[in-house]
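Report on one structure; see the data block that follows.
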Amino acid sequence: MKTTPRVYVSDRISRRDFLRLSGLVAGLGGMAVLSGCGPASQDAGSEEAPETEQAVTLGDGATLRVGMEAAYPPYNWQVEEESEYTIPIDNVDGAFADGYDVQAAKIIAEGLGMEAVAVKLSFDGLIDALNNGQIDIVCAGMSVTPDREASADFSDSYIDDDIVMITKSDSPWADAKTFADLADAAIMGQAATMYDDVIEQVVEAEPSVTHLTPAETVPMVVENLSSGAADIITYSMLSVPKLLETHPEFVELEMEDKFEGSLMPDNAAIAKGQEAALDEINEIIAGISEDERQEMWNACMDRQPA
């Protein structure tokens, strides 16, 4: 789905260009110096100087480097052909990124007057890459948590997901309703994500459950369930329909026991100390309607690799 430019985006860019070209900020600074003597300057000094709008930029102000793992469909994945949905992967020759995060990043970049490129990194290295200047923003199916918020600033969410559990339709746990019903099951999630963290809630309720070593990517998690290395996996609620279409032998557990704190907003992250940029990113995200978000998600579900 190709996004449609918003009027407020072009307005914001034109104001920024005007400030940059006119030297308004520098001019106001010079006026303050020249008026620094005599009674009139004292009267003027008693009033606060009017605020002027500052240009909002990330990185070099032209190219928005977007960190993601490019291996987490439908949020983000790697493809070899360019399309209207993709952005180039800067550190992988001839490769492009697609996915829901990519569509959101394109809208954010457009709103900031920049061009988006992906930087492919491990998920657990994204915040460090943000803070060492390797990337400008994270759009990677990442949810804000207290630990992450201590190291980066997070935007409002651009879609909200939750965590469910998947097993094979013929498994002993297919009809489970409570955590106690999962006795003796081996459960796997994705490394360095809430999909792995929430499994401890099951273990606390039913100690016979085995919390398996997490897999690095979602496809690897799914493969472990398919091969029988895992009895149950944790998975994205929004992604279940496509998973069950691809793997009709899987079923979603209809649980009465729910994970606590499992709601997963998809938030963008930027390095701390860029409040103006964060405000503008939130304004851009607020301009994406719920219908547009769902339309982008459905389209990504249809395009994502099996």
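Odds and ends about this structure:
- Residue, surrounded by the fewest Cβ atoms within 10 Å (Cβ to Cβ), within the range 72-121, restricted to residues that are within 14 Å of the chain's Cα centre (by Cα) and hydroxyl-bearing (S, T, Y): Y72
- Scanning the range 123-141 for residues that are under 14 Å from the mean Cα position of the chain (by Cα) and assigned to a loop (DSSP other than H, G, I, E, B), we see that the one that is farthest from R65 (Cα to Cα) is G141.
- Of residues in the range 188-216 being touching a residue at least 60 places away in the same chain (Cβ under 8 Å) and aliphatic (A, V, I, L, M), the one farthest from Y235 (Cα to Cα): A192
- Residues in the range 224-249 that are touching a helix residue (DSSP H, G or I) at 6+ places or on another chain (Cβ under 6 Å) and of a type outside the set (S, T, N, Q) were compared, and the one that is surrounded by the most Cβ atoms within 10 Å (Cβ to Cβ) is I233.
- Tally, over the range 142-178, of residues that are closer than 20 Å to E254 by Cβ, assigned to a strand (DSSP E or B) and among the hydroxyl-bearing types (S, T, Y): 1
- In the range 253-270, of all residues being more than 24 Å from the chain's Cα centre (by Cα) and of a type outside the set (A, V, I, L, M, F, W, C), the one that is surrounded by the most Cβ atoms within 10 Å (Cβ to Cβ) corresponds to D257.
- Taking (1) crowded, with 19+ Cβ neighbours inside 10 Å; (2) at pLDDT below 95; (3) in contact with a Pro (Cβ under 8 Å, 6 or more places away or on another chain) in turn, V221 satisfies each apart from (2).
- Flag for E283 being assigned to a helix (DSSP H, G or I), touching a helix residue (DSSP H, G or I) at 6+ places or on another chain (Cβ under 8 Å) and surrounded by 14 or more Cβ atoms within 10 Å (Cβ to Cβ): yes
The values are calculated or read from the model by the stated rules, or taken from the named source; none is laboratory data. Source: prediction; values computed, not measured. Cβ coordinates were reconstructed from backbone atoms using ideal geometry, including for glycine residues, and neighbour counts include every protein chain displayed.
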